[in-house]
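The values are calculated or read from the model by the stated rules, or taken from the named source; none is laboratory data. The structure displayed is predicted, hence computed values, not measured ones. To get the accessible areas, we keep the full protein, side chains included, count just its heavy atoms, and leave off ligands, DNA and RNA. Shrake-Rupley method; radii C 1.70, N 1.55, O 1.52, S 1.80 Å.
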Amino acid sequence: MEEPYAAETVNGEGAEKDAAADGVKRRRHFKDDADDGGESLYDVVKGMLWSIFSPDHTSGLAGTSLYHRTKTSFQRDLPRLRDASKTSGCRIMRWTRQGSPLRALLVIS
């Protein structure tokens, strides 16, 4: 028989924990990234590619070489890539947990 679950949010960590005191298995959930305005991975990659292949005329990159635009884009946007991948991963995990086991199978395949 399954044990009851209680939702618990702890610092954005997504792991399961057994509470020894009351014997209730608690599942920790990822914190809600949509509330803190986290960017998705798609948005960051789209911005990187957009600035390389179609630079804004007001940014000063319009007349530069492809190499320079690529280098500048990577220097500016790579630090955001880590946070964006965490945000997207958390959103996929949350979406997976809200669905049926077939949804989880779809995600891992």
* How much of residue 108 can a 1.4 Å solvent probe reach, expressed as accessible area in Å² and rounded to 10? -> 140 Å²
* Asked: Which order do 41, 106, 66 take when ranked by solvent-accessible area (1.4 Å probe, heavy atoms of all protein chains), largest first?
  -> 106, 66, 41
* Asked: Roughly how many Å² is the accessible area per residue of region 45-109, as a whole number, for a 1.4 Å probe?
  -> 74 Å²
